[in-house]
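The values are calculated or read from the model by the stated rules, or taken from the named source; none is laboratory data. All figures in this text were calculated on a predicted structure; none of them were measured in a lab. Heads up, the Cβs are rebuilt from the backbone with ideal geometry, glycines too, and the neighbour counts pull from every protein chain shown.
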Amino acid sequence: MREAEAAMTDYKRIRLAHQGYRKLRAADTARFHSVQKSWLQNKLNEPFDGVNVVITHMAPSMRSVASQYEHALSSAACASRLDELAAKADLLIHGHMHESFDYAIGRCRGMCNPCGYMNRAGGTENERFDSNFIVEIG
């Protein structure tokens, strides 16, 4: 948690209005994560006849961490080890990362198609970004 607070700008810039505008802490996001994970688990356990699509900001799996960051402690602030939960969905789309990913977790397709930061030449950080990417479900 200390590594996340040191490495991520979020903890330097985001303030919690309901707590006197104090800075966001890793303990706060861990608490938010726990509540949201429980909600998602309950929703994915409900019977549903359609296609279960989950869209999140952070990655549900460490498989969405680029190889050069797989051993960085701060990667745990960007991706979780929720493969078992993700496997209950049919499609899980996430953001936050700066590289593209497309993989299977059981029956679930996990994917991310970010442009990343824009560079000075007007291009995108992620060379694999596809602005015309379409996912068909059904």
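Can you pull out the residues in region 41-61 that are outside any loop (DSSP other than H, G, I, E, B) and either aromatic (Phe, Trp, Tyr) or farther than 17 Å from Arg109 by Cβ (or both)?
Gln41, Asn42, Lys43, Asn45
In region 63-102, which residues are among the aliphatic types (A, V, I, L, M) and closer than 19 Å to Glu5 by Cα?
Val65, Ala72, Leu73, Ala76, Ala77, Ala79, Met97
So, Gln68, is that one at pLDDT below 95 and either within 30 Å of Arg107 (Cβ to Cβ) or not in a loop (DSSP other than H, G, I, E, B) (or both) or not?
When the stated conditions are applied, Gln68 passes them.
Taking the condition free of Cβ contacts under 8 Å to residues at least 60 places away in the same chain, loosely packed, with under 14 Cβ neighbours inside 10 Å and polar (S, T, N, Q), does Asn52 pass?
no
Can you find a residue that is at pLDDT below 95, of a type in the set (Val, Ile, Thr), surrounded by 12 or more Cβ atoms within 10 Å (Cβ to Cβ) and under 28 Å from Thr9 (Cα atoms) anywhere in region 28-47?
yes
Just checking, how many residues over region 89-132 are surrounded by 11 or more Cβ atoms within 10 Å (Cβ to Cβ), of a type in the set (A, V, I, L, M, F, W, C) and in a loop (DSSP other than H, G, I, E, B)?
Number of matching residues: 4.
Collect the residues in region 1-40 that are without any contact (Cβ under 8 Å) to a residue 12 or more places away in the chain, part of a helix (DSSP H, G or I) and of a type in the set (Phe, Trp, Tyr), keeping them in residue-number order.
Within region 1-40, Phe32, Trp39 meet the criteria.
Going by the conditions given, is Ser74 more than 19 Å from Cys108 (Cβ to Cβ), part of a helix (DSSP H, G or I), under 16 Å from the mean Cα position of the chain (by Cα) and modelled with pLDDT of 95 or more?
No.
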